[in-house]
Structures are given as C-alpha cells and as structure tokens.
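Colleague: Below is the structure I would like to discuss, written out as structure tokens.
The values are calculated or read from the model by the stated rules, or taken from the named source; none is laboratory data. Predicted model, so just to flag it, every value in this text is computed and none were measured. As a convention, Cβ positions derive from the backbone with ideal geometry for all residues, glycine included, and neighbour counts pool all protein chains shown. Heavy atoms of the whole protein, side chains included, go into the accessibility calculation; ligands, DNA and RNA do not. Shrake-Rupley method; radii C 1.70, N 1.55, O 1.52, S 1.80 Å.
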Amino acid sequence: MAMQQIYSPDHRLLLTLALEEGSLFYHATLCGRSVMGRSPLGLDTDICDFTNGLTPIEVFRSTAEEDFAIPAFKKPLCKTHASCLTWILTKRGHFLHAEAWVSNDGAAVRLSVPGQGPVTVYREAAGFRVPENTANLYAQKLLFSYEDFYNPVPIDDLHQNALGFPLLAQLGSSLWALYTEAAVFGNDYGGSHLSSTREDPALLMLQRAPDQLGFSACERPFSTPWRTVITGTLETIINSNVLESLSSPSIVEDPSFIKPGRSLWSWMCDKDAHKDPVKMREYIDAAAAMKFEYSLIDGGWSGNIDIPSMVEYGAAKGVGIWIWAHSQDLRDPAAAEEKLKLWSAWGVAGLKLDFFESDSQERIRQYNMLAELAAQYRLMLNFHGSTKPGGASRLWPHVLTYEGVMGSEFYLDYCSFAPAGPDAAHNCTLPFTRNAVGPMDYTPVVYESRKTGTTDAHQTALTVVFTSYALHLAEKASVLLVHPCRPFLTHVPVVWDETRLLEGMPASYVTMARRSGKSWFIGGICARRPRTADFSLDFLTEEGDYEATLYSDDLSDMLTFDAALGALPAADESTIRFLDSRRVRPSLHEHNMRLVKVSSFTVRAGDRLAVPMAANGGFALQLRPAAEK
C-alpha cells in the first residue's frame with residue numbers, strides 16, 4: 001500500500017490518501033478523532049477507468065497562503081492558510097492527479113485529468129463515509145429545489161433516501177463535521193448528491209443530478225469539484241471560509257456596483273401587489289421610510305408595471321429596484337444577453353432569477369453564463385429555485401443570495417406537501433447546515449400575515465441568525481411600518497465584521513452575536529419549549545456603557561396566570577376558563593405569539609444576560625456604545 005499524508009498548518013487535522021491494490025481512498029482525523037471515514041476516490045472516464053489499476057508516480061507539496069476580501073460577506077477579510085498536495089498517478093499511460101487541501105478548519109480532495117481535448121465522465125466513484133462515532137447526522141432528502149427539512153437521520157436509515165448537500169455530523173460534545181462540495185460553480189461538471197446502500201449505509205457515494213440522463217462531457221484539463229469537510233466546533237463551521245478559499249477568484253473587475261442591503265418584498269403576504277403600480281410605489285415609500293436599500297418587484301410585472309418609471313421613482317427616494325425573471329426564458333445565451341442588457345439600461349439594481357431546480361451539467365452551465373453576463377452588465381443576482389451555494393461568493397460576489405432552502409414562502413397554502421411550513425426547529429438547524437455553505441434567501445420576518453408557529457421576536461431575530469446579503473423581508477409594508485420591532489429592522493445590517501456563536505444546538509436553540517462597526521446585534525431563537533438564553537457579554541471590546549435595546553417575547557400574560565393560579569387554594573376547570581376569558585393564558589402554547597416587549601437599559605463588557613423566551617420564541621438585541629449617542 002502506498003500512502004500520502006498531509007497535515008493542517010496547526011498539525012491537528014490530518015488527511016490521508018492511500019493507494020490500496022491500485023484503488024485510491026482517503027480519510028481525515030482531527031486530533032486523532034475521525035471526521036471522515038475511509039472513503040473511495042476514483043473517476044471512470046472514456047479515456048481511462050481511474051477507479052483501479054493505479055500506480056503512483058510522484059507527489060508535490062506546497063502551501064496556500066492568501067488574504068482576500070469579498071464585497072458582501074459575513075466577515076471583512078477571508079484568510080487562507082492551507083497545506084496542499086498533488087499526487088500524480090498513472091494507468092496505461094494516462095495520468096490522474098489526486099489533489100488534497102487541508103486548513104485548520106477543513107479538508108478537501110478532488111481529482112483532475114490533465115491534457116487537452118474532450119473527456120466524458122461516466123461516474124465519479126467517490127464518497128463520504130460517516131464516522132462510526134457519529135452521534136447525530138442532520139441530512140436533507142434530495143429535492144431539485146433543496147427545499148426540505150434537515151432532520152436527524154439514523155445511520156442505518158441513510159440508504160432510504162438520496163441526500164442533498166450539506167450534511168452535518170455531531171461527532172462528540174463539541175466536535176462537528178459538515179460535508180459538502182466546493183467550486184461547483186465556475187466548473188463545467190455539475191452538482192452532486194449522495195446515496196448509500198442497505199449493506200453499507202454509512203458510505204455515501206456521489207451521484208450526478210437525477211435529471212441528467214447522459215454522462216458529463218468536459219474538456220481537459222478537467223477537475224471535479226472539491227469534496228469537502230469543514231470541522232471543529234459549531235462556531236468554527238459558521239465562521240469558516242474554507243469553501244470560498246477553494247473557489248476561484250472573482251470574475252468581477254470593478255465591484256463598485258455590488259451593494260448589499262435589505263429589501264421589501266410584497267409577493268408572499270400582499271397578494272398581487274407586485275402587479276399594481278400604485279402598490280409598488282407604496283412599497284418603495286415604505287422602504288425609504290424604513291431606510292431599506294431596495295424594493296423587489298416580483299413575477300407578474302411584465303405588462304403591468306413600467307419598470308423604468310419605478311426605477312426613477314425609487315432613485316428619488318434612495319431605493320433601488322430588483323425585478324424577477326424566469327430562468328427558462330434565459331437559457332439561450334443570445335436571448336439572455338439581450339434581456340440583461342435591456343434591464344441594465346433600465347437602471348435596475350438586481351435580478352431575482354427563478355426556477356432552475358436542477359444540478360445537471362446543463363443547468364450549472366446556465367448559472368455560469370448568467371453570472372458572467374450579470375457581471376458584464378453590472379447587475380446583482382438572487383438565484384431562486386436553485387441549488388445550494390458552495391463558496392461562490394468569492395467567484396461571483398455580485399450573486400448576493402440563493403434560495404435552495406425551505407423558507408417562509410412555505411407558509412403559503414399552495415405548499416401543501418409541507419403544510420406546516422418551516423418550524424422553529426428548522427430555523428434552529430439552518431445556521432449550521434444550509435446557511436453555513438453560503439447566503440440564504442429564506443425571506444424572514446413574517447408577523448401578522450401568516451401563521452408561522454413562532455413569535456414575532458423569533459421572526460425578528462432571524463435577521464441576525466440568518467445570513468443573506470440581499471435580505472428580503474416577507475411581511476406587508478403596512479405591518480412593518482407600525483410594528484414595535486421596526487427600529488431594530490431599520491438598523492440591522494446584512495454584512496458583518498464579526499460573528500460569535502454564544503450558544504447553539506441544531507433543532508433546539510441558537511444565540512448569535514454579530515458586530516457591525518462598534519455596534520453589536522444579537523439574535524436568539526429556540527424551538528418547541530420555553531427556554532432562557534443565558535450568555536456573557538465578554539466579547540464587547542469598547543470601554544464604558546453600551547445602550548441596549550431588547551425586543552423579546554412578552555410573557556406578562558403567562559406571569560399573570562401563574563400569579564392568579566398561585567393565589568388560589570385549588571384551581572378547578574371553571575377557574576381556568578374564567579382566567580382565560582380575561583385574556584390570562586393557562587399555558588405557553590396558548591401564549592399570544594404576536595406580543596413583543598421592548599426594553600432599554602445599559603450594559604458593560606463582562607455583564608451576563610438572561611433572556612426568557614416562549615416556546616418557539618426568541619429575542620433581538622441591539623448594543624451601541626453609549627459614547628456614540
């Protein structure tokens with residue numbers, strides 16, 4: 001057996017490539033603990049079957065060190081410090097390069113076929129083996145739109161469904177691993193998903209898109225996407241830029257047109273407003289009043305809304321305009337360029353492009369084509385009905401967000417296959433799964449217009465807990481303008497200087513602190529049961545007082561009931577009915593989820609806060625140095 005090992009710069013993460021009887025395998029450990037079990041690594045092509053009969057030739061080692069900034073991102077500077085290895089293998093005169101990349105928080109492998117000319121890939125005989133020490137595995141069954149729950153799946157049941165990336169494994173009390181793929185966009189290969197067998201359910205093998213009936217036709221030199229594991233604590237995973245480091249550099253030469261921001265969005269909660277010019281002007285007015293950067297005019301505007309006049313109206317109020325388009329109308333490159341050139345001439349800021357719903361090689365090529373055209377015509381993009389991202393914020397910084405998630409639109413009646421919509425447990429899982437691999441257009445903040453099963457404070461906190469560089473709020477403008485949480489929504493940014501995970505457990509709770517300049521925004525949410533978020537403010541760096549404004553669940557009706565019930569020797573059913581008729585609720589499940597308590601107070605670095613939350617509740621907290629007032 002021939003073997004090559006590569007350590008992370010801090011020598012804690014080890015990736016091993018092994019050639020066993022002519023076939024290639026890999027595995028990874030962190031401080032001796034498995035984060036990726038022994039997994040195959042092979043490629044079957046029309047040039048050569050590189051899954052067996054391989055012979056090692058030579059190995060090259062190097063170090064990748066690089067700092068780069070992304071105009072819209074979760075932190076101001078990305079740092080790459082990784083050990084790299086290329087192992088050259090051969091079979092019957094044909095060459096295969098096995099590439100490995102290891103940083104302190106992640107490891108990745110890919111296969112490359114050098115040379116020139118076409119190559120057809122029959123299959124990628126590679127996979128991810130879930131380690132035996134896995135306590136929980138959060139996985140999503142494959143849907144073309146990636147719109148499903150991330151549920152804990154027993155390893156023995158993994159073979160029951162095809163699974164979409166990413167997958168999150170709990171390997172111990174504080175050790176986690178996120179499995180995904182990087183550098184799919186910008187490549188000419190297609191996205192992948194995973195499946196296993198009843199006989200070996202823990203070995204998840206890569207599969208091409210189920211709607212791609214033919215093989216993948218590529219041009220040499222050719223590389224697969226990076227097969228990647230991000231590992232460490234949950235905070236490590238949400239702060240990682242491994243996927244961006246594995247991506248190609250930006251195609252945008254002048255990023256000055258890339259301006260992240262918040263947007264009003266009428267389509268979900270204000271039916272047919274996007275077809276009414278008067279209503280659309282009202283939304284632009286509301287966006288200006290809330291100091292939002294954008295307003296989105298969704299599908300149905302053609303023939304109903306004069307977009308150039310809306311752009312002019314918005315510009316006078318400092319509000320940019322995004323418009324919706326169907327990806328099916330943009331599959332021909334010439335037709336796509338004609339439309340994007342026109343929309344750019346109208347002065348729109350960005351495009352929401354919808355209904356891709358495929359990982360096929362053909363559809364990935366369309367993403368590539370549209371991203372290049374949008375960069376040429378200086379248009380920002382929001383990919384909807386899309387695959388998941390994988391580090392493309394670096395390659396395509398003008399693509400500010402992607403859907404690829406079960407978001408708030410699933411509260412609509414037409415989503416009958418998910419009648420409950422995204423619940424609080426789903427919201428508590430997304431920061432560590434889907435949102436960890438890139439920006440996510442969940443379209444949060446739904447108060448009165450739809451029943452969400454969560455409190456208004458929970459919905460407000462999602463603007464901090466979730467990451468989207470074009471943050472579209474789903475509630476009616478008329479509701480947002482009078483809501484007690486409006487001041488928080490007016491101030492909350494969409495790009496950040498720093499992120500701290502104060503506490504978190506998938507499907508249960510998340511408390512996250514994010515810094516913008518000297519101000520901090522903290523969002524906390526919980527699922528299924530009441531909970532008190534208990535955290536220290538030891539991350540504050542400014543001396544002196546901070547002015548704190550807290551938007552939390554108003555639990556006063558619960559306290560009133562407890563006090564009334566405790567004052568009685570025994571509460572019978574008639575007493576409970578009486579108290580309930582006086583708007584005193586006998587259980588948190590009947591708590592008025594719309595009620596928000598707004599509190600103002602001062603804090604200092606090192607103080608400790610305890611914020612009670614209702615079942616499926618939450619809170620949003622803004623901290624500003626008092627000296628700035």
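Colleague: Take the conditions at pLDDT 95 or above, under 30 Å from VAL482 (Cα atoms) and open to solvent by 60 Å² or more (accessible area, probe 1.4 Å) and apply them to SER581. Does it pass?
Modeller: On the way: at pLDDT 95 or above: no; under 30 Å from VAL482 (Cα atoms): yes; open to solvent by 60 Å² or more (accessible area, probe 1.4 Å): yes.
So SER581 fails the test.
Colleague: Okay, next question. Need pairs with beta-carbon distance below 6 Å; first residue without any contact (Cβ under 8 Å) to a residue 40 or more places away in the chain and within the stretch 77-91, second open to solvent by 30 Å² or more (accessible area, probe 1.4 Å) and β-branched (Val, Ile, Thr); sequence gap 6+ or separate chains.
Modeller: Pairs found: ILE88/ILE57; THR90/THR55; THR90/ILE57.
Colleague: If you don't mind, another one. Would you pick out the residues in the stretch 478-493 that are part of a helix (DSSP H, G or I) and either hydroxyl-bearing (Ser, Thr, Tyr) or open to solvent by 10 Å² or more (accessible area, probe 1.4 Å) (or both)?
Modeller: SER478, VAL479, LEU481, VAL482, ARG486, PRO487, THR490, HIS491
Colleague: Now for a different question. Scan the stretch 563-576 and give yes if some residue there is open to solvent by less than 20 Å² (accessible area, probe 1.4 Å), outside any loop (DSSP other than H, G, I, E, B), more than 30 Å from ALA605 (Cα to Cα) and at pLDDT below 95, otherwise no.
Modeller: No: the stretch 563-576 contains no residue that is open to solvent by less than 20 Å² (accessible area, probe 1.4 Å), outside any loop (DSSP other than H, G, I, E, B), more than 30 Å from ALA605 (Cα to Cα) and at pLDDT below 95.
Colleague: Can we say GLU547 is under 23 Å from PRO484 (Cβ atoms) and either at pLDDT 50 or above or of a type in the set (Gly, Ala, Ser) (or both)?
Modeller: In short, yes.
Colleague: Please indicate, with yes or no, whether at least one residue in the stretch 221-231 is free of Cβ contacts under 8 Å to residues at least 40 places away in the same chain and within 30 Å of ARG123 (Cβ to Cβ).
Modeller: no
Colleague: Follow-up question, since we're still on this one. If I ask for residues that are assigned to a strand (DSSP E or B) and surrounded by fewer than 17 Cβ atoms within 10 Å (Cβ to Cβ), which ones from the stretch 534-556 would you list?
Modeller: Residues of the stretch 534-556 that are assigned to a strand (DSSP E or B), as a first pass: 534-536, 546-553.
Correct list: ASP534, SER536, THR549.
Colleague: For the stretch 494-533: of the residues being buried (at least 23 other Cβ atoms within 10 Å of the Cβ) and of a type in the set (A, V, I, L, M), which is farthest from the chain's Cα centre (by Cα)?
Modeller: So, considering only residues that are buried (at least 23 other Cβ atoms within 10 Å of the Cβ) and of a type in the set (A, V, I, L, M), the one farthest from the chain's Cα centre (by Cα) is ALA533.
Colleague: I'd like the residue in the stretch 465-493 that is β-branched (Val, Ile, Thr) and in contact with a Lys or Arg (Cβ under 6 Å, 6 or more places away or on another chain) and, out of all such residues, is farthest from LEU264 (Cα to Cα).
Modeller: Residues of the stretch 465-493 that are β-branched (Val, Ile, Thr), as a first pass: 465, 467, 479, 482, 490, 492.
Now restrict to residues that are in contact with a Lys or Arg (Cβ under 6 Å, 6 or more places away or on another chain): 467, 490.
Working: THR467: 16, THR490: 12 Å.
Ranking the candidates gives THR467 first.
Colleague: Taking the conditions exactly as written (open to solvent by less than 50 Å² (accessible area, probe 1.4 Å), modelled with pLDDT of 95 or more, touching a helix residue (DSSP H, G or I) at 6+ places or on another chain (Cβ under 8 Å) and farther than 15 Å from LEU111 by Cβ), does GLY232 satisfy them or not?
Modeller: When the stated conditions are applied, GLY232 does not pass them.
Colleague: Out of all the residues in the stretch 359-368, is one or more over 26 Å from GLY320 (Cα atoms), of a type in the set (S, T, N, Q) and not in a helix (DSSP H, G or I)?
Modeller: Yes, some residue in the stretch 359-368 is over 26 Å from GLY320 (Cα atoms), of a type in the set (S, T, N, Q) and not in a helix (DSSP H, G or I).
Colleague: Take the residues in the stretch 359-375 that are open to solvent by less than 10 Å² (accessible area, probe 1.4 Å) and of a type in the set (A, V, I, L, M), then tell me which one is farthest from GLY214 (Cα to Cα).
Modeller: Checking each candidate, the answer is ALA374.
Colleague: Inspect the stretch 399-417 for any residue being open to solvent by 10 Å² or more (accessible area, probe 1.4 Å), in contact (Cβ under 8 Å) with a residue 60 or more places away in the chain and in a helix (DSSP H, G or I) and give the result as yes or no.
Modeller: yes
Colleague: Right, something else. If I go through the stretch 1-22 residue by residue, how many of them are among the charged types (D, E, K, R) and outside any loop (DSSP other than H, G, I, E, B)?
Modeller: So the answer is 1.
Colleague: Whether any residue in the stretch 208-225 is in contact with a Lys or Arg (Cβ under 6 Å, 6 or more places away or on another chain), open to solvent by less than 10 Å² (accessible area, probe 1.4 Å), not aromatic (Phe, Trp, Tyr) and not in a strand (DSSP E or B) is what I want to check.
Modeller: Yes, the stretch 208-225 contains at least one residue that is in contact with a Lys or Arg (Cβ under 6 Å, 6 or more places away or on another chain), open to solvent by less than 10 Å² (accessible area, probe 1.4 Å), not aromatic (Phe, Trp, Tyr) and not in a strand (DSSP E or B).
Colleague: When you go through (1) under 17 Å from LEU471 (Cβ atoms); (2) without any contact (Cβ under 8 Å) to a residue 60 or more places away in the chain one by one for ILE307, which number turns out not to apply?
Modeller: Condition not satisfied by ILE307: (1).
Colleague: Can you name the residue in the stretch 592-602 that is within 30 Å of ALA507 (Cβ to Cβ) and out of contact with any Gly (no Cβ under 8 Å at 6 or more places or on another chain) and is also most open to solvent (accessible area, probe 1.4 Å) among such residues?
Modeller: Per the criteria, the residue is LYS597.
Colleague: In addition: Does at least one position in the stretch 453-463 carry a residue that is within 15 Å of LEU430 (Cα to Cα), among the small types (Gly, Ala, Ser) and open to solvent by less than 10 Å² (accessible area, probe 1.4 Å)?
Modeller: Scanning the stretch 453-463, I find at least one residue that is within 15 Å of LEU430 (Cα to Cα), among the small types (Gly, Ala, Ser) and open to solvent by less than 10 Å² (accessible area, probe 1.4 Å), so the answer is yes.
Colleague: How many of the residues in the stretch 606-621 are touching a Leu at 6+ places or on another chain (Cβ under 7 Å), crowded, with 24+ Cβ neighbours inside 10 Å and closer than 22 Å to PHE539 by Cα?
Modeller: 2
Colleague: Suppose we keep only residues that are in a strand (DSSP E or B) and of a type in the set (D, E, K, R) within the stretch 93-145. Which one would you say is least open to solvent (accessible area, probe 1.4 Å)? Step through it out loud before you land on a result.
Modeller: First pass over the stretch 93-145, keeping only residues in a strand (DSSP E or B): 94-103, 106-124, 127-129, 136-141.
Next, only the ones that are of a type in the set (D, E, K, R) stay: 99, 110, 123-124, 129, 141.
Working: GLU99: 33, ARG110: 55, ARG123: 117, GLU124: 17, ARG129: 60, LYS141: 84 Å².
Out of the qualifying residues, it is GLU124.
Colleague: What number of residues in the stretch 174-207 are part of a loop (DSSP other than H, G, I, E, B) and of a type in the set (S, T, N, Q)?
Modeller: As a first pass, look at the stretch 174-207 and keep what is part of a loop (DSSP other than H, G, I, E, B): 174-175, 183-191, 196-202.
Subsequent filtering for residues that are of a type in the set (S, T, N, Q) retains 174, 187, 196-197.
Residues that pass the stated criteria total 4.
Colleague: Does any residue of the stretch 150-160 turn out to be modelled with pLDDT of 95 or more and within 24 Å of TRP101 (Cα to Cα)?
Modeller: Looking through the stretch 150-160, none of the residues is modelled with pLDDT of 95 or more and within 24 Å of TRP101 (Cα to Cα).
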